[in-house]
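Contents: one structure, followed by commentary.
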Amino acid sequence: MNLFPLWRGTIRVPALSTKTEKIGTSTLRHTLFESFETPAEIFDADIAGYKIIKTPCRPPFDEMRLRLKGSKRSPQDYLVLAITGPDDWHKLRHLSLFQLENTETLEQSIMNPEAVCKTWAGDFRFQEYDRDAEIAGLRRPQIGSLHAIAAHFAVGDEFDQATVVLPTGTGKTETMLASLVYRRIPKLLVIVPSDPLRTQIAKKFEHLGILRDIDCFPNEGFNPSVLTLKQGVSDPSRMSKMLAHANVIVTLPNTLASCSDAVFQLLCDSCSDLYVDEAHHVPASSWQRVKDRFLEKRIVQFTATPFRQDKKHMGGKIIFNYRLSDAQADGYYKPIRLEAVEEFGETKTRDTAIARKALEVLRSDIQQGHEHFMMARVTSRERADEVLKIYQTLAPEFHPVAIYTDTGRGPVNRAALESLMSLEADTTRIVVCVNMLGEGFDLPNLKVAAIHENHKSLAVTLQFVGRFTRKADKVGDAAVVVNLADSNAEKSLEALYAQGADWDRVISRLSEDKIDGELRLQDVIEGLKKSGTLHEKLSLWNLSPNLSTQVYQTKCESWDPRAYSEVLKGAGQYWHALSEDDNVLVVVGYLENRVKWGRYESLNESSYELLIAFWDQENETLFMNSSSYDAMKVGQVAKEICGKETELLTGDPIFRVLNNVELPLAKNLGSSRLGAISFTSYFGPNVTEGLASIEQRESALNNIACLGYEDGEKVLWGAAAKKGKIWQQSSGSIDDWMNWCSKTLKKLEDSSDDKTNITKGFLRPQALSAPYSEHPISIQWGEYLQSSYSNYLSVHFGSVVVPLYLVDVQVDELENDGAIIFSIFSDDHSSQFRFKIDEAVENGYSHEQISGEVVSFQISKERMRSFDEQMLVDPLLVRYADGTYSYNKFHIPFDLQADDFPKDRLEFIDWSGIQLNRESMGKQNKQDTVQYRTFEKLEGEFDLIFNDDGAGEAADLVGFKDVSNDEIQLTLIHCKNAKGAKTSGQIENLYTVCGQAQKSITVKHEGLVKLAKSLRSRHERWAKQGASRLLKGDWKTLSYFVEKSRKTRVSFQVIIVQPSVNEKTYSASMAKLLANTELFLKRTTEANFRFVGSEK
């Protein structure tokens, strides 16, 4: 060989042909190396017709042979490039027309995954992308993820599952590819949630994505062999042959589930690492089954959303969390703008409005030179076909297609995707999908989303939106088209589906709030794993203790939580987890005891019991929670771990949790007879007997469950004096329980409201033998119907079904014998009843239907109740002029101790031109009505006003006001006409409107989210008739108030309007009724109260 080259330049080495092996519908593919360019020098060779090629590449590309055109083949020890181009090749500076020869040696090892893996040593290069310097490379979150993964598995040989959080579109798949070659994983199993994603990711692994293009992997580097497993395998020997030639296996958990147990075990045993894509699916049993096989190996979970709507935890430690706001700040997302329509019509009308708006956006984008495509999202095959017809009619030039799963749809879907992804003229630009193009689908040109049906989960929404934010050449910003009239979204999504919403800001806040909660819990879980073996037996993430505790006062300087075993030893099997940082101990015990229903020595019943101890060192307090306080010997454990001087807090101080609870109603209580051993429990109306016994010093209060109002919110507290137990009706994570304990301690430490008689001020049901003497001012649904959120709740008038939110109940009149005539009614139906309390009839009360259709109640999808059954289990509540109320025959008396409502607080309106007996403006906005004049006079006080008049109303007028940066105000305005169309001193004019005002507390406690949903639904029915309930403002403003209510104070105001009252007709009885109404609203909702009457 000469010292000086005959030729210098660049050559393009052709790719080695892909080797493909079909195994049923599964495919094993290997393209050992790609075509690549490299600098080269060509020298003379000793063999005629051949030249020597020298390159800076690694073997076997460092030295190759060049066979000249027309030369005969001869045996060679090198890879040969045969010239197929021009004869004067030596005059060119770039040579690319070659054919590979003498590849036998490489082809013999092409299916050897171990050999391929070894070649990756030193191949990977950490090159970071630099936009300003125009340097290609990995993105910042990708490099961070790789270092986090490497660090996580760097020490020891036992590892926690790792979770990497990367927002959709920031390069999750490329991170997997880089990790494969950087960590030189011998055999990797990748599980994904869908067939399109399986195909897409397998193809990326086959060619290592863009790692070569961004200079992170050498051009001549070897690719892995990839098995795309698409069907179950039952024969282990067959699977063994497949695995022998694969570096990477990509499949679905369901595919693995269809394999035989032997094959499944063989596959899992053969793989060293497991990568889980879209890992929020992990709690599903088919996914968990795979993870369980890798618990002693290396597991990495990749997801953009490490949380689920059902609150099930993924497990695994979040080792890297790249926040959505970071991705936006780093410029990885195109901005998102919201394009909104407001259409309340029928389904086809809504769809058409959305389609027209989306097409307007798409056409505008195309005119600006953007190569944009559109996706229309629906939730069913039937809806996909409906929406597709609309787009085919409105935009045939865009060749709309639909993609969804169904028998025989495979070829159609593939053809649609090929047309969509071809990016050529006269091909598809619109795809209607049924949830198929969400996870993992990668097409940066998708920039317009038409949401015909909202996602109901934040996690799914974030995945979906991420599809539209990816950057690419010739693409602009993303747009999402939604119908603001569609309220079928999860509570956490209402900030997104709001006109004018800043999606870039809102999606990052929603995502990060969720992830921050997971990270806080993770800190607690990780601390617990540092000591004990409980985490090896069960997932600490899924612990959900009840919000209950015993509280112990401690005097120790340090605690000894491991000493619990001294108390529990020998009584069963126990496992614990201990966090020294958080001072939390979790113990799970497996206990066996003889059955209680017979004397059988050989029959035992077993149970698993939980114990949690949290020591607040600063406040010298120990909190103990257990599923069985007796079985887990909680009292003994407390003294063992914190010292013999540890004392359980018992007696009256326990009841301090009831301090500041307004209008407390005892739901049940237990008392111990003084001087005796007897114990009595009281439930429902019987609590009156128990409270009386306690007041008379005949009994001591032992335990109580109390419903009331605290800081204007409805609460339920329970406390037991002797056992020292405190509880609320809820549960949460370990972190939630610890926070609840800390808040509870603050109540217990506040002795300022201690009472000698702990039961003072409690409401006591009393059985009436005759109608109550005060005038009934309103009647309302029972507690269940008031608080339930079921979509199935409805009232049946005969065979006609009306949603509960469109049905109301009202007092019509009071008869001379005290019977109450009331109606259950909607806009089109009404049934009237006579209710009377009479000890002479069965049960002491009766409901008699007077007129209208038979009324029944739909409680759930399957459950119906007759009127009588509903009145028994969830009776109507009757409110009286003195502020008290009753249900069935039981009266709840209380003295609000209200002063008179001062005359100087009366407000007045000039009702000139208004007939005072005409109340409602109706759909026509009639201006000669009490309601319209009220709107005119109060309009300036509010930013948004709804006409909510009608059956099921929150109020006649609903007003919203933006008070300050940290406060908004909700106002309910109740109007009533004047009997006889004149001012008078008749207090009857105030009964109904004061009753409506007192019913307002339900609206306040249900919150703005439910109120807004009701307002939208009720407006929608009017809109179909060409009317609007919006009097001032727009839907954008309503969405603003709903969103702001999540993070700021919502003050509450109630205004009563009754034009029959003026200064001259205002009486003492009116003053007392208004004062009672105001004080009741103040105690239950902290409401501001106003009254508006007549100037004349």
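Readers should treat all values here as calculations from the given coordinates under stated rules, not as data from a laboratory. Keep in mind that this is a model prediction, so the values were computed, not measured. Don't worry about glycine lacking a Cβ; one is built from the backbone with ideal geometry, like all the others, and counts go over all protein chains shown.
Remarks
- Charge dipole (segment 117-322, unit charges on Cβ, about Cα centre) - positive-most of Ala121, Cys271, Leu256: Leu256
- Flagged links, alpha-carbon separation over 31 Å, of Lys172/Lys743; Lys633/Lys747; Lys22/Lys54; Lys19/Lys54; Lys926/Lys1013: Lys172/Lys743; Lys22/Lys54
- Note on the chain: antiparallel DSSP beta bridges, both residues inside, total approximately 65 percent of the bridges counted.
- Note on segment 124-187: the alpha carbon radius of gyration divided by the globular reference 2.2 N^0.38 Å gives 1.20.
- Unit charges on C-beta of K, R, D, E only; dipole of segment 117-322, Debye: 360 debye
- Once the Cβ-Cβ distance of Thr105 and Ile135 is raised to the sixth power relative to R0 = 30 Å, the FRET efficiency obtained is 0.25.
- Value at 222 nm in deg cm²/dmol, rounded to 500, when DSSP H runs of n ≥ 4 in the chain each add -39,500 (n - 2.57): -8500 deg cm²/dmol
- If only the Cβ of Lys and Arg carry +1 and only the Cβ of Asp and Glu carry -1, the dipole of the chain around its Cα centre is close to 2000 debye.
- Pairwise Cα inverse-distance average, inverted: Kirkwood Rh of segment 903-1094 (Å): 16.9 Å
- Full-extension gain in nm, Asn659 to Gln924, via 0.36 nm per residue minus C-alpha separation: 90.4 nm
- Shape call, segment 873-942: gyration tensor on alpha carbons, a/c limit 1.5: oblate
- Mean Cβ count within 10 Å, highest first, over the residues of peptides 369-381, 9-21: 369-381, 9-21
- Cα-centre dipole for segment 792-922 with unit charges at Cβ (Lys and Arg positive, Asp and Glu negative), debye to 20: 400 debye
- Long pairs among Lys667/Lys889; Lys976/Lys1072; Lys961/Lys1010; Lys187/Lys297; Lys961/Lys1064, criterion Cα-Cα beyond 22 Å: Lys961/Lys1064
- For segment 1031-1089 and segment 544-595, distance of Cα centres in Å: 50 Å
- If R0 is taken as 56 Å, the Cβ-Cβ distance between Gln368 and Ala115 corresponds to a FRET efficiency of 0.60.
- In terms of surrounding Cβ atoms within a 10 Å radius of their Cβ, Ile850, Ile1056, Ile53 rank from fewest to most as Ile850, Ile1056, Ile53.
- Between Asp910 and Ser1069, the C-beta separation translates, for a Förster distance of 30 Å, into a calculated FRET efficiency of about 0.70.
- Extension gain, Val412 back to Glu37 (0.36 nm per residue minus Cα-Cα distance, nm): 131.1 nm
- Summary of packing: across the peptides 1072-1084, 553-565, 901-913, the per-residue average of other C-beta atoms within 10 Å ranks them, highest first, as 1072-1084, 553-565, 901-913.
- Segment 766-892: C-alpha gyration tensor shape, a/c 1.5 cut-off, then a/b vs b/c: prolate
- Annotation: peptides 1029-1037, 650-658, ranked by per-residue average of other Cβ atoms within 10 Å with the highest first, follow the order 650-658, 1029-1037.
- Global form of segment 335-409, assessed from the alpha-carbon gyration tensor, a/c cut-off 1.5: oblate
- Extension reserve of the Glu21-Gln617 stretch, reckoned as 0.36 nm per residue once the Cα distance is removed: 208.0 nm
- Taking Leu972, Leu146 and counting other C-beta atoms within 10 Å, the order from fewest to most: Leu146, Leu972
- Remark: segment 530-648 is approximated by an ellipsoid whose semi-axes, taken from the C-alpha gyration tensor as √(5λ), come to 26, 17, 13 Å, largest first.
- Least to most buried among Glu620, Glu158 (fewest other Cβ within 10 Å first): Glu158, Glu620
- Whole-number percent relative contact order across the chain, with pairs defined as alpha carbons under 8 Å at least 6 apart: 7 percent
- Each listed q (0.06 Å⁻¹) maps to a log10 I(q)/I(0) for the chain from the Debye sum over equal C-alpha point scatterers, namely -0.65.
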